[in-house]
Amino acid sequence: MKQFTSKPLLVRYGETDQMGVVHHSNYLRYFEVARLEWLSALGVSYALMEKEGLIMPVIDVKVTYKIPALFDDSLTIYIFLRELPRVKIIFSYEIKNQKDEIVCNGETTLAFLNTKTRKPVRCPEEFSELFST
């Protein structure tokens with residue numbers, strides 16, 4: 001299945017707690033950065049998708065923390081799909097630091113919803129094709 005590697009992301013001071021460790025909630029932001037970066041690299045505009053009546057809310061998240069990420073670490077996010085999307089799309093993640101150590105693994109499940117009705121819809125065919133090539 002398709003895989004994407006994000007640009008390195010530098011941990012900012014405001015993302016850490018008093019101990020200099022990245023606060024657990026920031027990993028969800030890192031996952032989002034990688035998703036949007038990947039979609040953009042595929043030529044998908046999330047803003048245009050929303051204007052055309054499709055939204056993709058996160059409906060499930062799983063994160064397993066391995067070692068702490070620290071202030072000023074450089075993180076790379078590896079993102080991939082396990083299967084082609086249907087009504088949901090499941091992204092898996094692996095975040096590594098500058099020493100190539102696994103910081104965390106995660107998974108997010110997003111649903112495809114019609115903007116007006118908020119009802120689930122099938123993944124648009126042209127979108128699905130981007131992941132199958």
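The values are calculated or read from the model by the stated rules, or taken from the named source; none is laboratory data. Computed from a prediction, not measured in an experiment: that's the story for all the values here. All Cβ positions, even for glycine, are placed from backbone atoms using ideal geometry, and neighbour counts span all protein chains on display.
Which pairs do you get when a residue that is of a type in the set (S, T, N, Q), found in region 19-44, comes within reach of a residue that is at pLDDT 95 or above, reach meaning Cβ atoms under 7 angstrom, with the pair 6+ apart or on two chains?
26/15
Suppose we filter 71, 31, 80 for residues that are closer than 22 Å to residue 3 by Cα, modelled with pLDDT of 95 or more and in contact with a strand residue (DSSP E or B) (Cβ under 9 Å, 6 or more places away or on another chain); which single one remains?
After applying the criteria, what remains is 31.
Can you name the condition, by its number, that residue 108 falls short on among (1) touching a helix residue (DSSP H, G or I) at 6+ places or on another chain (Cβ under 7 Å); (2) within 15 Å of residue 2 (Cα to Cα)?
Looking at each condition in turn, residue 108 falls short on (2).
Restricting to region 1-32, name every residue that is under 21 Å from residue 111 (Cβ atoms) and surrounded by fewer than 15 Cβ atoms within 10 Å (Cβ to Cβ).
1, 2, 28, 29, 32, listed by residue number.
Collect the residues in region 35-59 that are part of a helix (DSSP H, G or I) and either charged (D, E, K, R) or farther than 13 Å from residue 110 by Cβ (or both), keeping them in residue-number order.
Once the filter is applied, which keeps residues that are part of a helix (DSSP H, G or I) and either charged (D, E, K, R) or farther than 13 Å from residue 110 by Cβ (or both), region 35-59 yields 35, 37, 40, 41, 47, 48, 50, 51.
Name the residue, out of 34, 69, that is farther than 19 Å from residue 112 by Cα and hydrophobic (A, V, I, L, M, F, W, C). Outline the logic, then answer.
Working: 34 fails: farther than 19 Å from residue 112 by Cα.
When all the criteria are applied, what remains is 69.
With (1) at pLDDT below 95; (2) farther than 17 Å from residue 113 by Cβ; (3) part of a strand (DSSP E or B) as the list, and residue 89 as the residue in question, which single condition is left unmet?
For residue 89, the exception is condition (2).
Just to verify a result, which residue in region 111-131, among those that are part of a helix (DSSP H, G or I) and touching a residue at least 60 places away in the same chain (Cβ under 8 Å), is farthest from residue 3 (Cα to Cα)?
My answer is 127.
Would you tally the residues in region 56-81 being in contact with a Lys or Arg (Cβ under 8 Å, 6 or more places away or on another chain) and over 21 Å from residue 96 (Cα atoms)?
So the count comes out to 1.
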